[in-house]
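Engineer: Below is one structure. I have some questions about it.
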Amino acid sequence: MFRDNVKLAIKNLRNRLSRSLLTLLGISIGIMAIISLLALGEGMQQAITGELSSLSDVIIVSTGGNAFSAFGGGGSTGQYFTQRDIAVIQRLQGIKEISTQLSGSALAEYNGKKTIVSLTGMDIAVMRLQYSTTSLKAGGFLNEGDQNKIMIGYGIAHDTFDADISVGGRIKINGEKFFVTGIFGKQGMGGVSSDSIVLMSSRDFTKLTGQSNISLIYLRIENVKDAESIATTIQGAINENHGRKDFATATTMTSILETVQSITGILQVVLVGIASIALVVASIGIMNTMLTSVMERTREIGIMKAIGATNQDIMSIFIFEGMLLSSVGGIIGIILGVFGSQGLTLILNSFMQMGGSMNLTPVITITSVVLAVTVSLMVGVLSSLYPAYKAARMSPIEAVRYE
Amino acid sequence: MSKDVIVTQNISKTYGKPPLQVYALRETNLQIKQGDYIAIIGPSGSGKSTLMNLLGCLDKPTSGNIIIDGSDVSTLNENELARIRREKIGFIFQKYNLIPTLNALENVELSMGFAGVDSQTRTKKAKQLLEMVELTKRMTHKPSEMSGGEQQRVAIARALANNPSIILADEPTGNVDTKSGDNIMRILEEVNKKGETIIVVTHNMAIAQRAKRVLRIQDGEVKEEHV
Ligand SMILES: Nc1ncnc2c1ncn2[C@@H]1O[C@H](COP(=O)(O)OP(=O)(O)OP(=O)(O)O)[C@@H](O)[C@H]1O
Ligand SMILES: [Mg+2]
């Protein structure tokens, strides 16, 4: 009976070709949305995870609650680490290197206009880890040993002074001349803003300001496994130094990774949720098509019952039709989804050019394909269940009505 | 004496509720034997189709019992009724009632499919039946590509597919010309000669005269006509 049902279903769908194709299109679009959004979410997850896990031996110690608030720039809590804190860390076992991020403010002058800017000093190596080359709009990175050279944010270059600053431009900071080697792209709403950053080497920073206001300690450890315990020790020791329980937060990349993963996880659920709306609409489409078909075939159903079809025979005929529609639609949807995710990624990548350090590649997993196939089959069955039930309940007397 | 294939006990059928109630069939008692060839005649609206639909288990009587091959069908559930229709009864309609999306061969195979016959046996049997009704050349034609007479012969082949014990034909010649009508009746008579029970509704007295028994219905009352 299985093969007969398939044959019968194909014949009936072919008989109403344009309607079948339109219904099929609906389900294809739904599945396409799911596949491409899943691929995008997965790509995003992998890109972020990949980037962060290369930093898994890194611990960031910041003042206040959140590593992100101090990470990478401007935002300073007004509290700084002391040399005693650094000394505590240096005494610990298993630490490969320590570097610091210094924060302060200075008077900058360009083209005759003076304004206060916030300064960030960093070791060159740390700089390279924190900012990827793609985040630069113009120019290049500072190099080890560079003196009196700075990198500036988009806002400093274009919105702070009367005239735009370009690479090679000269800014006076606290009376000293600095050359701009690189300008960051506009970051806008992106998480950590580097728009108003003025970035120089730690050495220049100390020389210029005579201060060493450490806003962030950045350290690498020898063994990734010790990350959590070292972080706890450091946090405890520094808090003790300052006599407060919440002075410092030591964040490992693993914990950041977990946070990010849970965020991208939520994002994926949201994306799939949105795609599911398309699928719900599509399944209503199937139901509608099937109901119309049942109405049109009232007589045919009556005839089949009159020649001995059981209710189950009739039901399975219609459910098969629904399943065939949705599974063919699903397969087309998967193919479209493969292309769709590429397209979507292209668009997203061009939007994220402004400071997004990562380049997305869509990742289509076996799981998402299996999910799509299962979902489309289920949609087919569920949405044809009611029409099939209605068909099965028709009476054989319909065969001889309207004579 | 051959056995009874259908016995009706006081069956009646009414439509609608009391003030506007229509008696389509009044207390009818019939005994139909294996191998009978019965013609049912009567004016339009007299209840011929009503009786046929009841005998064919397409509809249920308002009261009374129908016994087919020894079992009382009023006690059967829907699936058991479907089995009776599939195994014991072959229905031939005035308007052929073939499935429009299927060709002649597939239409004949369909009821065997519902009976669970495997596809090879099915195709073989369907071909034999179509040969018998002289449609070997029309096997792959859809109903829309055949004449009324040809469609009705496909319908006969379909009705015979599951070797039913009773053939019910409600005005099988009503929509075809005299020549095709004769052809159809000749086929049915041949089937009857092989022992099949045939019940035919007709308006055509010439056809009715060829039957072994004639039942006349008037206002829902069935009377045996003695010829
Ligand atoms: N579904 C129905 N609802 C109400 N009345 C019905 C229904 N079906 C049939 N009838 C009535 O029952 C009576 C018998 O109808 P039936 O179809 O059996 O007549 P018939 O003898 O087959 O007529 P014809 O020769 O025109 O086919 C008629 O009066 C008809 O109007
Ligand atoms: Mg009638």
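The values are calculated or read from the model by the stated rules, or taken from the named source; none is laboratory data. Given the structure is predicted, the values throughout are model-derived calculations rather than measurements. Note that we place each Cβ from the backbone using ideal geometry, even for glycine, and neighbour counts take in every protein chain shown. Quick note on the areas: whole protein, heavy atoms, side chains included, nothing else; ligands and nucleic acids left out. Shrake-Rupley method; radii C 1.70, N 1.55, O 1.52, S 1.80 Å.
Let's see how each residue does on (1) in contact with a Gly (Cβ under 9 Å, 6 or more places away or on another chain); (2) in contact (Cβ under 8 Å) with a residue 24 or more places away in the chain; (3) in the same structural domain as A:I230 (by TED's automatic domain parsing); (4) open to solvent by 60 Å² or more (accessible area, probe 1.4 Å):
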{"position": "A:I89", "(1), (2), (3), (4)": "no, yes, yes, no"}
{"position": "A:L92", "(1), (2), (3), (4)": "no, yes, yes, no"}
{"position": "A:E97", "(1), (2), (3), (4)": "no, yes, yes, yes"}
{"position": "A:V126", "(1), (2), (3), (4)": "no, yes, yes, no"}
{"position": "A:G145", "(1), (2), (3), (4)": "no, no, yes, no"}
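Engineer: Taking region B:203-224 as the search range and keeping residues that are among the acidic types (D, E) and under 10 Å from B:G42 (Cβ atoms), which one is least open to solvent (accessible area, probe 1.4 Å)?
Structural biologist: Step by step, filter region B:203-224, then rank; the result is B:E221.
Engineer: For region B:22-45, how many residues are assigned to a loop (DSSP other than H, G, I, E, B) and either surrounded by fewer than 19 Cβ atoms within 10 Å (Cβ to Cβ) or away from ligand 2 (no atom under 16 Å from the Cβ) (or both)?
Structural biologist: 6
Engineer: Let me ask something additional. Filter region A:368-403 down to residues that are of a type in the set (A, V, I, L, M, F, W, C) and part of a loop (DSSP other than H, G, I, E, B) and give me whichever is modelled with the lowest pLDDT.
Structural biologist: The extreme case among them is A:V400.
Engineer: Can you tell me which of (1) modelled with pLDDT of 90 or more; (2) out of contact with any Ser or Thr (no Cβ under 6 Å at 6 or more places or on another chain) is the one A:G333 doesn't meet?
Structural biologist: Tallying (1) modelled with pLDDT of 90 or more; (2) out of contact with any Ser or Thr (no Cβ under 6 Å at 6 or more places or on another chain), A:G333 fails exactly one: (2).
Engineer: Then there is this: Among (1) under 23 Å from B:N192 (Cα atoms); (2) touching a helix residue (DSSP H, G or I) at 6+ places or on another chain (Cβ under 7 Å); (3) away from ligand 1 (no atom under 16 Å from the Cβ), where does B:I41 come up short?
Structural biologist: All conditions are met except number (3).
Engineer: Pull up region A:314-335, narrow it to residues that are among the hydroxyl-bearing types (S, T, Y) and surrounded by fewer than 24 Cβ atoms within 10 Å (Cβ to Cβ), then point me to the one that is farthest from the other protein chains (Cβ to nearest Cβ). Talk me through it step by step, then tell me what you get.
Structural biologist: Filtering region A:314-335 down to residues among the hydroxyl-bearing types (S, T, Y) leaves A:316, A:326-327.
Next, from what is left, pick out any that are surrounded by fewer than 24 Cβ atoms within 10 Å (Cβ to Cβ): A:316, A:327.
On the way: A:S316: 11, A:S327: 21 Å.
Among residues in region A:314-335 that are among the hydroxyl-bearing types (S, T, Y) and surrounded by fewer than 24 Cβ atoms within 10 Å (Cβ to Cβ), the one farthest from the other protein chains (Cβ to nearest Cβ) is A:S327.
Engineer: Restricting to region B:99-128, what's the tally of residues that are more than 8 Å from every other protein chain (Cβ to nearest Cβ), buried (at least 19 other Cβ atoms within 10 Å of the Cβ) and of a type in the set (A, V, I, L, M)?
Structural biologist: 5
Engineer: Follow-up. Is there a residue being on the phi < 0 side of the Ramachandran plot, more than 13 Å from ligand 1 (Cβ to nearest atom) and within 14 Å of another protein chain (Cβ to nearest Cβ) anywhere in region B:20-27?
Structural biologist: No, the conditions are met nowhere in region B:20-27.
Matching residues to (1) surrounded by fewer than 19 Cβ atoms within 10 Å (Cβ to Cβ); (2) away from every other protein chain (no Cβ under 14 Å):
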| position | (1), (2) |
| --- | --- |
| A:N241 | yes, yes |
| A:K245 | yes, yes |
| A:S283 | no, yes |
| A:T292 | yes, yes |
| A:Q312 | yes, no |
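Engineer: Every residue in region B:29-61 that is within 14 Å of another protein chain (Cβ to nearest Cβ) and β-branched (V, I, T), please.
Structural biologist: Of region B:29-61, the ones within 14 Å of another protein chain (Cβ to nearest Cβ) are B:44-45, B:47-61.
B:T50, the sole residue that qualifies.
Engineer: In the set A:I29, A:I10, which member is within 14 Å of another protein chain (Cβ to nearest Cβ), assigned to a helix (DSSP H, G or I) and open to solvent by 50 Å² or more (accessible area, probe 1.4 Å)?
Structural biologist: On the way: A:I29 fails: within 14 Å of another protein chain (Cβ to nearest Cβ).
A:I10 is the lone residue from the list that is within 14 Å of another protein chain (Cβ to nearest Cβ), assigned to a helix (DSSP H, G or I) and open to solvent by 50 Å² or more (accessible area, probe 1.4 Å).
Engineer: Additional query: Return yes when B:R216 is within 16 Å of ligand 2 (Cβ to nearest atom) and modelled with pLDDT of 95 or more and no when it is not.
Structural biologist: Numbers: within 16 Å of ligand 2 (Cβ to nearest atom): yes; modelled with pLDDT of 95 or more: yes.
Yes; evaluated as a whole, the condition is true for this residue.
Engineer: Take region B:177-213 and flag every residue that is among the β-branched types (V, I, T) and within 16 Å of ligand 2 (Cβ to nearest atom). Walk me through how you get there before you give the answer.
Structural biologist: In the first step, residues of region B:177-213 are kept if they are among the β-branched types (V, I, T); the result is B:178, B:184, B:187, B:191, B:197-202, B:207.
Scanning region B:177-213 gives B:I199, B:V200, B:V201, B:T202, B:I207.
Engineer: Checking the conditions here, which among B:K17, B:K33 is in contact (Cβ under 8 Å) with a residue 24 or more places away in the chain and of a type in the set (D, E, K, R)?
Structural biologist: B:K33
Engineer: Hey, another quick one. State yes or no: is B:I92 farther than 29 Å from A:L8 by Cβ and open to solvent by less than 20 Å² (accessible area, probe 1.4 Å)?
Structural biologist: So B:I92 does not fit the description; no.
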